[in-house]
Structures are given as C-alpha cells and as structure tokens.
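Chemist: Please see the structure below; I have some questions.
The values are calculated or read from the model by the stated rules, or taken from the named source; none is laboratory data. Quick caveat, the model's predicted, so the values are computed rather than measured. Cβ: placed from backbone, ideal geometry, glycine included. Neighbour counts: every protein chain shown. Heavy atoms of the whole protein, side chains included, go into the accessibility calculation; ligands, DNA and RNA do not. Shrake-Rupley method; radii C 1.70, N 1.55, O 1.52, S 1.80 Å.
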Amino acid sequence: MLVKQFLTGGDRNFGYLIADEATKEAAIIDPSYAPELICNFALEKGYKVKYIFNTHDHFDHTNGNETAEHMTGVKALVLGDVDPATGITISDGTILPLGNIKVKIIHTPGHTKDSICILIENALFTGDTLFVGKVGGTGFGDDAIQEYQSLNEKLMTLPKETRVFPGHNVGVAPESTIENERKTNPFLIQPDLDSFIDLKKNWLQYKKEHGIE
Ligand SMILES: [Fe+2]
C-alpha cells in the first residue's frame, strides 16, 4: 500500500493519497490547499482515484474539494454522505473496498460533530482529532468529553503499531504511532477526563513549562 503525505499549505495542512499498489485504486484524504498537486501525482503514477474523503467539514480541509472532484470525477465525502459510486453511506464502522484493501470509517466526534478518522490497513488518518503530541481544539464542555471518549475508546484501542497520520503538521514529527501517542501525548497520558479538560484549560502554560512549540 502506498501512503503519500502532502504538506499542502494553509495552517501546515496535510493531504494524503493512499493507493492499493496491486490494483492502482486510490483514495484522497483532505485535498485542502493542494488538490492539483495530489491529483497530478495520482495521474502521473497511474493511480485511479476512487474516493475523496474529508476528515471533517472545516474549510481548511475541504477547500480543495471542487478542484479534486473536477480532476477525478469522484465526489468528496464527509460523514453522512452516500458515495454515489457504491451506494455506501459514510458512517461509523462503514467499510469501503479499495482494490484489495479496505477502508474503515471511525466516527470520532469532538473537534467537530462530524469528525472521522479513516483506517486503511495499518494507517490511521486522524484529521483534527489527533495530532502528533497534541489533540484537536475543542471547548471545555460536551465537545471535550466527546473528544476524550473518541480518543480513548476508539483510537487508543487500535493495535499499538498502527501508524498515525494527522491533518496538520503541528508536532515534532509528521507522523506517529498509536503506541507512541499513548505513551507520550500529554493529553493521552492524563489519568481521567477531568485532568484531560484541565490540561486543555492550562495548555498554554503547560507548553511553556515543557518547551512545546
Ligand atoms: Fe478542523
């Protein structure tokens, strides 16, 4: 399987092309600021784009949709959409075929209600739910509670070697693993929900104390 990460612009946004090498079927995640770059890469390498996914409906992730749709003939999908090609609805637990591999949708509300993570083989595309060493922005109420549950119940329970590919390049490295995040991410080493929310409230101070950019 190919995983190609593109630093697209904006707020260090990442877009991705994932492809099944055997059949050349491919998926784009968050075309964002560089739809031409991603689509042209796919074209040049002979990949056939079958899906475009958005990890959530924020402008910095979706603003390349129109161009990407035009260049591939494929409709961009967010949570709740029906893929016109397969008739499959994008919801929690949905599995879509991509050549010989499978794409699994994991609904991870928190940063937004429609946030999804996309698991393809051992690669997890986390959008703005999980970054390397950070987590997605929320308030301090229900959205933070939902994010805590999404992270701990749906993501940290995945196999430890699962690779993590975030929606922004805001950490010490462009990618990580579930194990590394579980052991080192300040938000994921908190013992309970209250400490998680306290860290969100005190994040600027915490960053300063720990030399985090
Ligand atoms: Fe976002």
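Chemist: DSSP loop trypsin sites (Lys or Arg not before Pro) in region 26-89 with at most 13 other Cβ atoms within 10 Å of their Cβ, which ones? Don't skip to the end; give the middle numbers.
Modeler: On the way: sites: K45, K48, K50, K75; in loops: K75.
For trypsin sites (Lys or Arg not before Pro) across region 26-89 that sit outside H, G, I, E and B with at most 13 neighbouring Cβ atoms in 10 Å, the list is empty.
Chemist: Calculate the FRET efficiency for T89 and N40 from the Cβ-Cβ distance with a Förster distance of 30 Å, rounded to the nearest 0.05. Spell out each step's value before the answer.
Modeler: Values: r = 30 Å, r/R0 = 1.01.
After rounding to 0.05, the efficiency reads 0.50.
Chemist: For Cα pairs less than 8 Å apart in space and 6+ apart in sequence, what is the mean separation divided by the residue count of the chain, i.e. the relative contact order in percent?
Modeler: Working: 452 pairs, mean separation 29.9, N = 213.
Computed value for the chain: 14 percent relative contact order.
Chemist: Calculate what fraction, in whole %, of the accessible area of the chain sits on carbon and sulfur atoms when a 1.4 Å probe is rolled over the protein chains.
Modeler: 50 percent
Chemist: In addition: With Cβ to Cβ distances under 11 Å as the rule, what net charge do the other residues near E213 carry (K, R +1; D, E -1)?
Modeler: Details: positive: K134, K207, K208; negative: none.
Spelling it out: positives minus negatives among the neighbours equals +3.
Chemist: What dipole magnitude, in Debye to the nearest 20, does region 123-213 give about its Cα centre under +1 on Lys/Arg Cβ and -1 on Asp/Glu Cβ?
Modeler: Working: 10 positive and 14 negative charges, 48 e Å.
Dipole of region 123-213, to the nearest 20 debye: 220 debye.
Chemist: What number does the chain give for Rg over Rh if you use C-alpha atoms and the Kirkwood radius? Kindly include the intermediate steps, with their values, before the conclusion.
Modeler: On the way: Rg = 16.7 Å, Rh = 17.3 Å.
Here the Rg-to-Rh quotient is 0.97.
Chemist: Which value, in debye to the nearest 20, describes the size of the charge dipole of region 172-213 about its Cα centre when Lys and Arg Cβ atoms bear +1, Asp and Glu Cβ atoms bear -1, and nothing else is charged?
Modeler: On the way: 6 positive and 8 negative charges, 27 e Å.
It works out to roughly 120 debye.
Chemist: Considering only DSSP states other than H, G, I, E and B, which trypsin sites (Lys or Arg not before Pro) in region 141-209 qualify as loop sites with at most 14 other Cβ atoms within 10 Å? Could you put the intermediate results ahead of the total?
Modeler: Working: sites: K154, K160, R163, R182, K183, K200, K201, K207, K208; in loops: K160.
Counting only loop positions with at most 14 other Cβ atoms within 10 Å, the trypsin sites (Lys or Arg not before Pro) in region 141-209 are K160.
Chemist: Let me ask something else about it. How big, on average over all directions, is the shadow cast by the Cα convex hull of region 1-122, in nm²?
Modeler: Details: hull surface 26.7 nm².
Projected over every direction and averaged, the Cα hull of region 1-122 covers 6.7 nm².
Chemist: Run the helix sum for the chain: -39,500 (n - 2.57) per DSSP H stretch of 4+ residues, divided by residue count, reported at 222 nm to the nearest 500 deg cm²/dmol. Walk me through the intermediate numbers first.
Modeler: Details: 7 runs with 55 residues, N = 213.
Here the helix-only value at 222 nm equals -7000 deg cm²/dmol.
Chemist: Could you check which residue among P186, P84, P31 shows the biggest mean-square fluctuation in a GNM of the chain with a 10 Å Cα cutoff?
Modeler: P84
Chemist: So, for region 56-213, what is the accessible surface per residue at a probe of 1.4 Å, expressed in square angstrom?
Modeler: Numbers: 7440 Å² over 158 residues.
Solvent-accessible surface per residue comes out at 47 Å².
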